[in-house]
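The values are calculated or read from the model by the stated rules, or taken from the named source; none is laboratory data. Quick caveat, the model's predicted, so the values are computed rather than measured. For neighbour counting, all protein chains shown are included, and Cβ atoms are generated from backbone atoms with ideal geometry for every residue, glycine included. Side chains are part of the model used for accessible areas, which takes the heavy atoms of the whole protein and leaves out ligands, DNA and RNA. Shrake-Rupley method; radii C 1.70, N 1.55, O 1.52, S 1.80 Å.
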Amino acid sequence: MKKQALLPEGNLFEVFNTPLSTEEKEALTFLYTYMPIGDVTDYDGDFYLRNIRNSFTTREEMPWGRAIPEEIFRHFVLPVRVNNENLDESRMVFYDELKERVKNLSLYDAVLEVNHWCHEKVIYTPSDARTSSPLASVRTAYGRCGEESTFTTAALRAVGISARQVYTPRWAHTDDNHAWVEAWVDGKWYFLGACEPEPVLNLGWFNGPAYRGMLMHTKAFGRYNGPEEVMEETDAYTEINVIDNYAPTAKAYVTVVDEIIIR
């Protein structure tokens, strides 16, 4: 592993020397391969192993768990990090609080129910500070859209629902941006306003602006090979364009013709 060669001092990778199943070792290797170096040094391996084991337990206990394709699970359930928040034990805490509330629901209804729960916990308040962790958002009971969507994504993943934070850097009608959530339900990505519950998915106050939006994108943890247009690949994530989920699109092709100037 390249990171292990870069960080030879200390016991940063000691977790790989503990008894692990093949599945656990593969998941740990995936996380360590793509996580930022700061996440390797700031959090011990047991923290990631607890999150992985909780994800595997959730996959077995939730009715939709085994129906989620491996690639979707790996990129949009397994990762602990959503944005630039401090990492915490929210996956385990949220799972204990939410599992009885959603276990008898369909996947579609479970997404709606988790968002209702998120609305009970956190309300919108503007802020300029670094994105708070999910548990910090519960403690303060507020957050801006980036924090609400980080919190909601974490809550959905905690019960084994594939989720990702979506961001538009600028609306077409105003000099402002916004972040929300997409959840994978039965083979399709649906959007929802984080902590803004509605009776159905693909409904939010931003439907109109999103239809006229110029860019909607998300960062998939790791090297993701999905159907969406890839905008950028880094050592940590794959940035993809998800505007097709909000409006009809078409590709523009430009033909360059040599210009001959007669003097």
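Listed values, structure above:
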read-out: Cβ-Cβ under 8 Å pairs, at least 6 apart or on other chains, segment 140-151 side among the aromatic types (Phe, Trp, Tyr), far side assigned to a strand (DSSP E or B) and open to solvent by less than 20 Å² (accessible area, probe 1.4 Å); value: Phe151/Gly143
read-out: Segment 54-90, subset in contact (Cβ under 8 Å) with a residue 60 or more places away in the chain and aromatic (Phe, Trp, Tyr), residue surrounded by the most Cβ atoms within 10 Å (Cβ to Cβ); value: Phe76
read-out: Segment 105-116: number of residues that are part of a loop (DSSP other than H, G, I, E, B) and either crowded, with 17+ Cβ neighbours inside 10 Å or among the aliphatic types (A, V, I, L, M) (or both); value: 1
read-out: Some residue of segment 57-73 being modelled with pLDDT of 95 or more, within 18 Å of Ser132 (Cβ to Cβ) and among the acidic types (Asp, Glu); value: no
read-out: Hey, Gly226 surrounded by 16 or more Cβ atoms within 10 Å (Cβ to Cβ) and among the small types (Gly, Ala, Ser) or not; value: no
read-out: Filter result for the condition that a residue is within 28 Å of Asp96 (Cβ to Cβ) and either open to solvent by less than 10 Å² (accessible area, probe 1.4 Å) or without any contact (Cβ under 8 Å) to a residue 60 or more places away in the chain (or both), over Trp205, Trp189; value: Trp189
read-out: Condition broken by Val102, with the remaining ones in (1) within 18 Å of the chain's Cα centre (by Cα); (2) crowded, with 19+ Cβ neighbours inside 10 Å; (3) not charged (D, E, K, R) satisfied; value: (1)
read-out: Selection within segment 144-173 - open to solvent by less than 40 Å² (accessible area, probe 1.4 Å) and modelled with pLDDT under 95; value: Trp171
read-out: Evaluation of Ala5 against (1) over 23 Å from Val166 (Cβ atoms); (2) open to solvent by less than 50 Å² (accessible area, probe 1.4 Å) (one fails), failing number; value: (2)
read-out: Strands (runs of 3 or more DSSP E) (entirely within segment 184-256) containing at least 2 residues that are more than 14 Å from the chain's Cα centre (by Cα) and more than 19 Å from Glu148 (Cα to Cα); value: 229-233
read-out: Residue, farthest from Gly65 (Cα to Cα), within segment 117-131, restricted to residues that are open to solvent by less than 30 Å² (accessible area, probe 1.4 Å) and assigned to a loop (DSSP other than H, G, I, E, B); value: Thr131
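Rundown of residues vs (1) among the small types (Gly, Ala, Ser); (2) farther than 18 Å from Leu201 by Cβ, yes/no style:
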| residue | (1), (2) |
| --- | --- |
| Trp64 | no, no |
| Val82 | no, yes |
| Lys99 | no, yes |
| Leu107 | no, no |
| Thr131 | no, yes |
| Ala141 | yes, yes |
